Amino acid sequence: MDYTKHIADAVDYIEDNLNNDICIADCAKACGYSVYHFIRVFKEVIGLTPSDYIRKRRLSEIAKEIEGNNEYISEIAFRYGFNSKENFLRAFKNEHGILPTEYKSIENSLQLYDRFTFHENNFFIAPRIVKTEPFCLTVYKSDESHIPNFWNKYNAKGYSLKLSGGIITRDYGVSIWNFTENKLDYYIGIKSDYAMGDLSGTAKINISGGLYAIFSTPAANHNDFIKIIHSTWDYINNVWLKNSEYRRTGDYEFECYIEKSRLFSEDIYIPIKTKEDLS
């Protein structure tokens with residue numbers, strides 16, 4: 001089911017009522033969801049729970065108003081639903097790292113949380129947030145400047161079966177920045193647990209365990225598959241990561257390639273942590 005339209009309507013409602021009381025149950029009812037289902041779907045799409053999204057948006061709008069006028073800070077906060085000065089000060093500092101008086105006095109530049117914007121053409125893939133164990137890959141290094149060309153060579157030459165000794169298993173692609181040559185190197189291979197064939201010319205890559213956002217592309221024919229991969233990476237980089245509570249860890253990102261009845265899809269693994277864990 002495509003949840004995007006429902007969640008877009010919910011975001012519109014929230015944005016129109018940042019200065020009013022917002023009842024999560026009313027948002028859920030307007031979408032035709034139970035409260036539990038609404039919260040789960042909202043977080044899948046936006047990357048935050050509804051309550052976290054509302055809090056971040058209100059505190060960001062308050063910061064803009066503090067910078068832009070001479071109104072008492074407490075009056076601005078009250079207008080956005082903070083009836084307790086102590087609660088507001090604590091929430092503002094937790095979100096922005098400084099007190100509102102410090103922000104106003106030194107005109108500090110804050111990274112504010114703007115309204116969530118949906119990707120053009122409503123392209124959307126809700127990631128699964130999964131904790132994985134570390135594993136090792138046995139891989140070939142690409143000798144092609146264009147990654148799809150190396151995938152074509154890998155498949156045409158039967159490298160996967162060569163590595164596994166004839167066992168059908170999933171293939172992985174890993175991008176690693178080469179600091180010496182200042183370029184991106186790309187590798188394709190299989191899990192080392194299944195690498196029981198001819199391993200000449202291969203290397204080993206250790207994949208860290210931990211928390212990953214896994215984006216599964218929809219199954220498509222070969223021509224559409226390449227376009228979907230590009231759209232998915234664009235969505236990850238320019239929409240989901242921008243609006244999510246999660247950030248990249250810097251560990252290896254990789255793809256797991258799947259073929260079913262001449263339709264193609266892949267899982268894209270992004271190692272993540274919350275902003276709080278990275279600070």
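For this structure, a couple of remarks:
- Residue within segment 37-53 that is over 22 Å from Tyr113 (Cα atoms) and among the small types (Gly, Ala, Ser) present: no
- Residue identified as part of a helix (DSSP H, G or I), hydroxyl-bearing (Ser, Thr, Tyr) and within 20 Å of Glu266 (Cα to Cα) among Tyr140, Tyr154: Tyr154
- Scanning segment 68-80 for residues that are in contact with an Asp or Glu (Cβ under 7 Å, 6 or more places away or on another chain) and under 25 Å from Glu245 (Cα atoms) turns up just one, Tyr80.
- If only residues of segment 131-147 that are exposed (fewer than 12 other Cβ atoms within 10 Å of the Cβ) and not polar (S, T, N, Q) are counted, the one that is farthest from Leu199 (Cα to Cα) is Lys131.
- Conditions (1) among the hydroxyl-bearing types (Ser, Thr, Tyr); (2) exposed (fewer than 14 other Cβ atoms within 10 Å of the Cβ); (3) more than 18 Å from Tyr113 (Cα to Cα); number of the one not met by Tyr3: (2)
- Here Thr101 qualifies as at pLDDT below 90 and more than 30 Å from the chain's Cα centre (by Cα).
- In summary, Ile46 fulfils each of the numbered conditions (1) touching a Pro at 6+ places or on another chain (Cβ under 8 Å); (2) buried (at least 17 other Cβ atoms within 10 Å of the Cβ) with the single exception of condition (1).
- Pairs where the first residue, in segment 85-107, is part of a loop (DSSP other than H, G, I, E, B) and the second is of a type in the set (D, E, K, R) and at pLDDT 75 or above, C-beta under 9 Å, 6+ apart: Leu99/Lys93; Glu107/Glu67
- For segment 235-252, the criterion of being over 30 Å from Ala8 (Cβ atoms) and either surrounded by 15 or more Cβ atoms within 10 Å (Cβ to Cβ) or at pLDDT 95 or above (or both) is met by at least one residue.
- Segment 29-49 residues that are in the same structural domain as Asp114 (by TED's automatic domain parsing) and modelled with pLDDT of 80 or more, paired with ones that are in a helix (DSSP H, G or I) and basic (Lys, Arg) (beta carbon under 6 Å, 6 or more apart): Thr49/Lys43
- Residue pairs meeting the criteria (Cβ under 6 Å; at least 6 apart or on separate chains; first touching a residue at least 40 places away in the same chain (Cβ under 8 Å), in segment 223-236; second surrounded by fewer than 16 Cβ atoms within 10 Å (Cβ to Cβ)): Ser231/Phe123; Tyr235/His119; Tyr235/Phe123
- Selection count, segment 1-41, where residues are in contact with a Phe, Trp or Tyr (Cβ under 7 Å, 6 or more places away or on another chain) and not in a helix (DSSP H, G or I): 2
- Annotation note: of Glu65, Glu71, Glu15, the sole residue that is within 28 Å of Asn237 (Cα to Cα), surrounded by fewer than 20 Cβ atoms within 10 Å (Cβ to Cβ) and among the acidic types (Asp, Glu) is Glu15.
- Odd one out for Arg115, checked against (1) charged (D, E, K, R); (2) at pLDDT below 85; (3) out of contact with any helix residue (DSSP H, G or I) (no Cβ under 8 Å at 6 or more places or on another chain): (3)
The values are calculated or read from the model by the stated rules, or taken from the named source; none is laboratory data. Treat the numbers as computed from the prediction; the structure is a model and nothing was measured. Ideal geometry is used to build each Cβ from the backbone, glycine not excepted, and the neighbour counts take in all protein chains shown.
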